[in-house]
């Protein structure tokens, strides 16, 4: 039997004259999420409806719960705008519940004000009908064992028991295109997720130091991209080797400045890729004061190497908050896999925490920066990463 899933959105409804653009993008994203599972998306008044084969219900629910812009979803039963038919459907739903569900609440939302009964009247009429059919049922408005929800639309009525939470936010693709600097640690995937939640379309950039870092570290980053792609569709992943750059920095610059100098080179490379691909901002997982390269002085000096807008969604969060979010979005277990990234391999014993731009630029003056960037750019590899499901 085909199933019907009602999709609700929240913040989009407040967008005034721009609401239609956000709804169209959400429509596109919903279709992309269910296309491989024979799902179809229909626009309703203030809602979307997804239909699909019953055997795909669980995977459809799972995918729709990860679409940004979606506030909640429900698997619903549909009937005509007729009170007797609504009563019959309600009785069928309640009658199929397992034993032990003996307290209930009815909640009605009436979008169609032409329907001859108000929401409170529908609640009362349905409740009385159910108690006549099932004498053991008791109304409990505070802690019912089940809640029967009714939505009165313009063409039909929908009834359902469960409501699954979506991620909320704005549909990916409504606020611009950005480049996520994806290290493979805990922080940057969370930063990417938060950016996507605000409607940004994301591409990812990872720097590696093969053969000093293993191929496993690159596969780890691909897996993180697959996790993020479940929320925002396929993600272009760019990988660049900075091995030659790190060797040059180690040979010609003080060890304590190496991370700052390397990060500035990374930002220059990210700047080049962003301009080539028409991206509008960079995203990092920086959290203020967390490590030596994330002091206010370090961030200032590092960011001076790029002309791009740099977004730092985690700047005010502590590590525990970031870890909790990583667990919630299912990136944590992948992020903590014990494969070193390019920064940890050449990490200095005593990195500078308050670098001065004039000092950094003095050492950079002795480097062939354009040649180093050109050499690193030649190692660029790009792959399109899709969701794992």
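Readers should treat all values here as calculations from the given coordinates under stated rules, not as data from a laboratory. Because the structure is a prediction, the values reported are computed rather than measured. Neighbour counts are summed over all protein chains in view; Cβ atoms, including those assigned to glycine, are modelled from backbone coordinates with ideal geometry.
Most tightly packed first, judged by the mean number of other beta-carbon atoms within 10 Å of their residues, the peptides 194-205, 76-87, 363-374 read 194-205, 76-87, 363-374. For residue 14 and residue 133, a Förster radius of 56 Å and the Cβ-Cβ distance give a FRET efficiency of 0.85, rounded to the nearest 0.05. The alpha carbons of region 1-88 stretch over 40, 32, 16 Å along the principal axes, in descending order.
Considering helices alone, the calculated mean residue ellipticity of the chain at 222 nm is -12000 deg cm²/dmol, with DSSP H runs of length four and up weighted by -39500 (n - 2.57) and normalised per residue. Note on region 74-215: antiparallel DSSP beta bridges, both residues inside, total approximately 30 percent of the bridges counted. Put simply, region 209-294 fits an ellipsoid with semi-axes of 25, 17, 15 Å; these come from the alpha carbon gyration tensor as the roots of five times its eigenvalues, largest first. For helix 83-95, report the angle its Cα long axis makes with the longest principal axis of the Cα atoms of the chain; keep it between 0 and 90° and round to the nearest 10°. Tilt relative to the chain: about 70 degrees. The antiparallel fraction among DSSP beta bridges confined to region 2-165 stands at about 75%.
Its convex hull of Cα atoms gives region 176-385 a direction-averaged projected area, equal to a quarter of the hull surface, of 10.4 nm². Taking every DSSP beta bridge that has both ends in region 176-385, the antiparallel portion is near 25%. The orientation-averaged projection of the convex hull spanning the C-alpha atoms of region 2-165 amounts to 10.1 square nanometres.
As a rough guide to protection, the peptides 180-192, 322-334, 96-108, 228-240 ranked by mean Cβ packing within 10 Å, highest first, stand as 180-192, 228-240, 322-334, 96-108.
Taking the average, over residues, of other Cβ atoms within 10 Å as the packing measure, peptides 161-167, 300-306 rank 300-306, 161-167 from highest down. Ranked from largest, the principal axis spans of the Cα set of region 80-186 equal 62, 36, 22 Å. Note: the chain, Cα convex hull, 159 Å³ per residue.
Working from Cα pairs under 8 Å separated by at least six residues, relative contact order for the chain is 17 percent.
Put the Cα centre of region 245-315 next to the Cα centre of region 106-124 and the gap is 57 Å.
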